[in-house]
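What follows is one structure encoded as structure tokens, with my remarks underneath.
The values are calculated or read from the model by the stated rules, or taken from the named source; none is laboratory data. Note that the structure is a prediction, hence the values are computed from the model and not measured. Methodologically, a virtual Cβ is constructed for each residue, glycine included, from the backbone with ideal geometry; neighbour enumeration extends over all protein chains shown.
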Amino acid sequence: MNTQPTTQKILLSTDKQKIGYARGFIYSLARYLSNLCIEWNALNLETKFTDVDIDQIEKHNPDSWVKVKLMSGLKIEQIGTVRLSPEKLYEIMEKPDLNGVYGAFNDLIDFIKKERSGNHVLNAIPCNSLFFHVSDQVTVNEERLAQLESDNFSRYTTSSNQVLAFQFLEKIAESLNNMKDLKSSGSLTNQISQRPIDFINHKIERLVVIDEQGKYVPNAELVSDY
């Protein structure tokens, strides 16, 4: 059997469940970010919503995010002999009606916290501008999303032997699933379907035995009650 690595990267497997979590999370993020983008731009200020603002979301609360955003459009002003810094100008400036912005920001943060609660997959995905395009609204950067899926939820190899080994494991998994679905009261089926973790940890080694030639063969005793 050939044990030399190939020069081509070969996909072994993808975790479709985790990919589903990630895609749903990022597409929902885009909707909430769009709401924030629309609310901010509706203020008709010189500083529009940009991709930089997305990267600041998880670094600030609503008040500090708004402050940073408003101050980014202010410059040092000289009034007579008095120089007013952007910080001072922010304190004395007339603020626009920010209720819509605060509401959209809080909805976004609440969504992130709720979705990440108890989900380690989503905890590893930041609210990052790389995943989005910003214009009048926020849309998903499909190229970056595909890269995330490839880098984090897919396994590749350059070994032809690893491909064959994985294919054999797929057959074992398929066989176990078929046994689990058997309409039988057999104890083996019950163990596989009702106590899968216990079966994997303590019983799976009994599925086969070794014959006189040193080959693996099915353990016929396990199916005696089918």
Count - residues of the stretch 177-220 that are assigned to a helix (DSSP H, G or I) and either modelled with pLDDT of 75 or more or on the phi > 0 side of the Ramachandran plot (or both): 2
Determine, yes or no, whether LEU12 is farther than 20 Å from GLY118 by Cβ and at pLDDT 85 or above. no
Residues that are buried (at least 17 other Cβ atoms within 10 Å of the Cβ) and farther than 15 Å from CYS37 by Cα, drawn from the stretch 112-140: ILE112, GLU115, VAL121, LEU122, ILE125, PHE131
For LYS88, are the conditions met, namely being at pLDDT 85 or above, part of a helix (DSSP H, G or I) and among the basic types (Lys, Arg)? no
Based on what the data block shows, is LEU70 modelled with pLDDT under 90 and in a helix (DSSP H, G or I)? yes
By residue number, the members of the stretch 137-149 that are within 13 Å of THR14 (Cβ to Cβ) and in contact (Cβ under 8 Å) with a residue 60 or more places away in the chain are LEU148, GLU149
Number of the condition not met by GLU170 [criteria: (1) more than 19 Å from HIS60 (Cβ to Cβ); (2) charged (D, E, K, R); (3) assigned to a loop (DSSP other than H, G, I, E, B)]: (3)
When both residues are 6+ apart or on different chains and their Cβ atoms are under 9 Å apart, which pairs have a first residue that lies in the stretch 150-169 and is without any contact (Cβ under 8 Å) to a residue 12 or more places away in the chain, and a second that is of a type in the set (Val, Ile, Thr) and surrounded by 13 or more Cβ atoms within 10 Å (Cβ to Cβ)? SER150/THR14
What do you reckon, is VAL163 assigned to a helix (DSSP H, G or I), crowded, with 16+ Cβ neighbours inside 10 Å and at pLDDT below 95? no
Which condition breaks for PHE105 when tested against (1) closer than 20 Å to ALA124 by Cα; (2) at pLDDT 90 or above? (1)
